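A quick write-up on the structure given underneath.
Taken together, the values in this text are just the output of simple stated rules run on the coordinates, not laboratory data. What you see is a predicted model; the values in this text were computed from it and never measured. Heads up, the Cβs are rebuilt from the backbone with ideal geometry, glycines too, and the neighbour counts pull from every protein chain shown.
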Amino acid sequence: MSALDKVVKPKTRRSKRFLEQRGPKLYENDKSTMLIKGGNASNTVTQALKDLYALKKPSCVLYNRKNMTRPFEDQTSVEFFSKKSDCSLFVFGSHNKKRPNNLIFGRLYDFHVLDMVELGMEKYVSLKDFKNCKCPEGTKPLLIFAGDAFEMNEDYRRLKSLFIDFFRGPTVSGIRLAGLEHMLHFTAVDGKIYMRSYKVLMKKSGCRTPRIELEEMGPSFDFVMRRTHLASDDLYKLSMKRPKAVQAKKKKNISHDTFGTKYGRIHMQKQDLGKLQTRKVKALKKRPAEKKAAEGEGETNKRRKSN
Amino acid sequence: MAALMIEHVLAQAEKDEAEKLKLISVDKELELQFDLGNLLAIDPNPADVKAFRQQNREVFLRSLARDNTQLLINQLWTLPTQRVEEAVVATLPDPSTRLPREKPIPKPRAPTRWEEFAKLKGIKKKKKTNLVWDEVSKEWRRRWGYKRANDNTKDWLIEVPATADPNEDQFSKRVKAKKERVAKNELNRLRNLARADKGKIPGVGLTPTEQPSRDDLGKAMHVAKRSTASAGRFQDKLPKEKEPKNMGKKRKFQPLLGDFGAEKNKQLEILKVMDSKKPKLDVNKAVNRQMREEDAEASAKRKKPFKKGGRGKQGGKKGKGRGPVRGGKGQGGKRRK
């Protein structure tokens with residue numbers, strides 16, 4: 001939000017709350033997604049968008065009509081959509097002769113495009129085509145990335161980060177172990193990316209941890225990477241910045257050694273040995289006159305403090 | 001005989017255990033990286049391209065996925081769990097994968113002109129009680145807002161001051177005054193926004209006043225003079241006309257080559273400030289604080305004898321409206337001299 005947005009004040013409490021909800025925050029909301037259908041979208045692309053919608057459902061918007069726009073040439077319309085629906089992840093689906101069955105995955109920072117990766121669908125099997133029971137809507141998936149390309153190649157590394165951002169769902173503090181039903185597996189082999197979606201079946205193994213069997217649930221994609229638009233290092237670094245208030249504060253005067261033992265450093269004031277209580281003998285007792293003088297001094301001090 | 005039996009049983013048990021573990025253990029060349037907060041695993045092992053090409057593709061992918069999932073599930077099952085309504089819930093650690101933010105980090109609001117001034121002068125905000133005693137209705141009411149105490153918009157009668165024009169409507173005068181205050185406040189708000197944005201702040205210009213002073217008239221004349229297409233460049237001067245004050249300064253630069261001694265001293269001064277650990281003394285601020293403290297002391301002394309006055313008739317009551325404010329204060333934070 002720029003300063004210009006604040007010129008017009010919200011008139012009602014409700015609109016104020018709405019604006020606050022949209023504004024930048026220390027602890028951010030979960031990112032929501034918009035799925036945009038391009039001007040020319042084949043049946044495959046439309047179905048793929050619908051399936052992604054089913055995977056992402058509670059925090060997702062599907063723009064179902066034709067949108068004559070090309071994100072790689074002109075990003076303004078994507079940015080406009082994102083501002084309108086407050087979404088920072090998007091998928092744009094299109095189909096033409098040069099780039100058949102095209103999906104553009106992207107994310108935005110501050111309503112400006114950060115990363116965009118264009119993926120072509122070589123093979124696609126829809127969610128409907130697997131005749132079995134699916135996992136419930138809004139299940140937080142397990143994400144697995146396999147293949148050394150996800151570590152070595154810069155484009156793939158960014159794509160991995162994008163996919164994690166895209167599919168990870170809401171951040172939670174705890175999860176029901178029996179509810180881990182959905183798994184998304186991304187494999188980078190042979191210059192292609194295979195995305196498979198499995199239903200996790202837990203079998204008895206005799207010990208506490210179950211044995212896992214998988215059943216393909218769909219959708220499944222074979223992607224090839226086409227064009228990419230990655231954020232410059234500066235912008236990426238800026239977007240990764242963490243607020244100071246969120247970062248854990250370093251605790252002073254505490255250290256650990258190699259064995260994990262905790263050490264503390266204590267700062268002590270110098271002890272006044274004159275007031276040290278020694279043996280109580282009559283000879284060391286204060287005389288009444290001395291006592292009075294000492295008390296009087298103490299009282300004047302007190303009075304000064306209270307003023 | 002018995003010893004042999006025991007050995008046999010133990011060996012059998014060990015075998016069973018190994019068998020069980022075999023079901024859930026997977027061997028990998030490189031270990032997987034886990035981010036349990038995101039339920040994420042990364043397998044850095046290169047996929048076996050040969051096997052991938054020869055085998056059925058789906059079978060290969062599924063077996064790879066199964067192994068990886070088993071490893072991830074094994075990790076997840078080591079997390080501490082608790083029981084919530086008949087379900088076993090594992091506590092996830094914070095996500096460790098760093099992902100870009102959605103929106104920039106929120107910036108703190110820039111201080112307004114008043115806040116800056118108050119800080120310079122050492123003026124602190126005072127908390128006022130929410131409820132005040134309403135003389136008319138004889139009850140505690142809100143200080144502000146709906147059904148407020150001492151509401152002057154609800155007056156049905158206003159005394160016409162002796163100096164005022166008897167034909168003037170005192171009610172509409174009040175309303176107008178209020179509207180003007182609101183407008184002024186809004187203007188100041190916008191000016192503060194512009195200042196925070198480092199934008200150009202438009203001057204307030206000339207506000208209409210009932211009886212313009214000599215300065216006001218002078219200012220008005222100069223504004224009128226400068227309001228030509230050439231910004232008053234070709235306007236003649238009146239006899240005995242004075243240049244107005246505070247009309248902006250022209251920048252002055254020091255000569256490129258000049259007083260070396262002065263320049264050296266200037267640099268040394270800067271170095272001295274940078275080197276010292278103590279912050280530089282802001283004389284203005286210190287003096288302001290000192291003056292403020294003296295003022296406060298003097299006013300406290302003056303008020304002491306009248307400790308029982310102040311809030312007047314409400315003084316005797318001990319009620320909900322009585323907050324931390326000492327008795328000596330009337331309404332508002334305005335200082336009376």
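Legend: ranking of residues A:TYR263, A:TYR156 from fewest to most surrounding C-beta atoms inside 10 Å; resulting order A:TYR263, A:TYR156.
Using only Cα atoms and rounding to the nearest 10 degrees, what angle (0 to 90) does helix A:288-306 make with the longest principal axis of chain A? It works out to around 30 degrees.
Based on the alpha-carbon gyration tensor of the protein assembly as shown, what equivalent-ellipsoid semi-axes (square roots of 5 times the eigenvalues) come out, in whole Å, largest first?
For the protein assembly as shown, the semi-axes come out at 66, 44, 30 Å.
The chymotrypsin sites (Phe, Trp or Tyr not before Pro) of segment B:222-282 that DSSP puts in a loop, and whose beta carbon has at most 12 other beta carbons within 10 Å, are B:PHE234, B:PHE253.
Kirkwood radius, chain A, all distinct C-alpha pairs, inverse of mean reciprocal distance: 24.7 Å. Arranged from fewest to most other beta-carbon atoms within 10 Å of their beta carbon, A:ASP129, B:ASP134 become A:ASP129, B:ASP134.
Loop only per DSSP, at most 14 neighbouring Cβ atoms within 10 Å: give me the GluC sites (Glu not before Pro) in segment B:226-303, ordered by residue number.
B:GLU241
Measuring nothing but alpha carbons in segment A:160-301 and taking Rh as the Kirkwood radius, the Rg to Rh ratio lands at 1.40. Counting every alpha-carbon pair across segment A:62-205, the share separated by more than 28 Å comes to 28%. Sorted into 5 angstrom bins from 0, the C-alpha pair distances of segment B:165-227 split as 4, 13, 15, 15, 18, 19, 10, 4, 2, 1 percent. With coordinates expressed along the principal axes, the C-alpha atoms belonging to segment B:1-137 extend over 102, 52, 33 Å, beginning with the largest. In plain terms, the residue of A:ARG17, B:ARG195 with the fewest other Cβ atoms within 10 Å comes first and the most crowded comes last, giving A:ARG17, B:ARG195.
When only the Cβ of Lys, Arg, Asp and Glu is charged (+1, +1, -1, -1), the dipole of the protein assembly as shown relative to its Cα centre reaches about 6600 debye. Which residue, chosen from A:ASN29, A:CYS60, A:LEU184, occupies the Cα position most advanced towards the positive end of the dipole of chain A, where the dipole is computed from +1 (Lys, Arg) and -1 (Asp, Glu) charges on Cβ about the Cα centre? Result: A:ASN29, furthest along the dipole toward the positive end. Cross-link partners of B:LYS245 among lysines, defined as those whose alpha carbon lies under 19 angstrom from its own and excluding same-chain residues fewer than eight positions apart: B:LYS219, B:LYS225, B:LYS237. Under 20 Å from the Cα of B:LYS200, which lysines turn up, not counting those fewer than eight places away in the same chain? B:LYS200 reaches A:LYS6, B:LYS184, B:LYS249, B:LYS250.
Pairs spanning more than 24 Å between alpha-carbon atoms, out of A:LYS25/A:LYS244; A:LYS160/A:LYS199; A:LYS37/A:LYS131: A:LYS37/A:LYS131.
For segment B:20-90, the Cα-based Rg and Dmax, in that order, read 15.1, 49 Å. Anyone know which of B:THR153, B:THR112, B:THR209 comes out most mobile in the 10 Å Cα GNM of chain B? The residue that fluctuates most here is B:THR209. Kirkwood hydrodynamic radius of chain B from all distinct Cα pairs, in Å? After inverting the mean inverse Cα-Cα distance, the result is 32.4 Å.
Build a GNM of chain B with springs between Cα atoms under 10 Å apart, and of B:TRP140, B:TRP156, B:TRP77 the one that fluctuates most is B:TRP77.
The distance linking segment A:131-192 with segment A:72-100 is 22 Å (Cα centroid to Cα centroid, whole angstrom).
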